[in-house]
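Each value in this text was obtained by applying a stated rule to the coordinates, not by laboratory testing. On a predicted model such as this, the values are computed, not experimentally measured, just so you know. Reconstructed Cβ throughout: ideal geometry from the backbone, glycine too, with neighbour counts over all protein chains shown.
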Amino acid sequence: MQAPQITAQTVLDLKDVLVGTSIQTFSQTLSSALFVFVGQNVFQNKLISGLVARVPSVNPKTIFLAGATNLKNAVDPKFITEVISVYNDALVTAFHAGIAMPRVFIVGALAMEWKSAKGKKIEIGMA
């Protein structure tokens, strides 16, 4: 979590460090909030489509209301194996979406200027 701030302090001029670290922190916080939403959306869409395709007699709303911990009590035992399989597939798809995002953002990191921070004295600036 601190590496981007150290990088900003190393690469930017002293007068730009405050703005650079602020932008970095804002972007990090915003992207975290945004991709929780994206992951939830991917999970819900995959779960609904999987249930409709593989277990049409089970209402997706029942699964959402039951949650992961109460699936066995909410679903007929003859469907539980298939429902758990669909639930697992939806989770894996959401995890894959989360894993793909850093691969996209690495392009920005590769475009950044490379400098060594070894031996550089970083002065504390006053705002």
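Worth a mention:
- Listed peptides 35-45, 80-90 by packing density, highest first (mean Cβ within 10 Å): 80-90, 35-45
- Estimated distance in nm for a label pair at Asn70 and Lys15, the labels positioned 7 Å out from Cα along Cα-to-Cβ: 6.0 nm
- Dividing the alpha-carbon radius of gyration of the chain by the rule-of-thumb value 2.2 N^0.38 Å gives 1.62.
- Projecting the Cα atoms of Ile80, Ser31, Val52 onto the charge dipole of the range 1-126, computed from C-beta unit charges around the Cα centre, puts Ile80 farthest toward the positive end.
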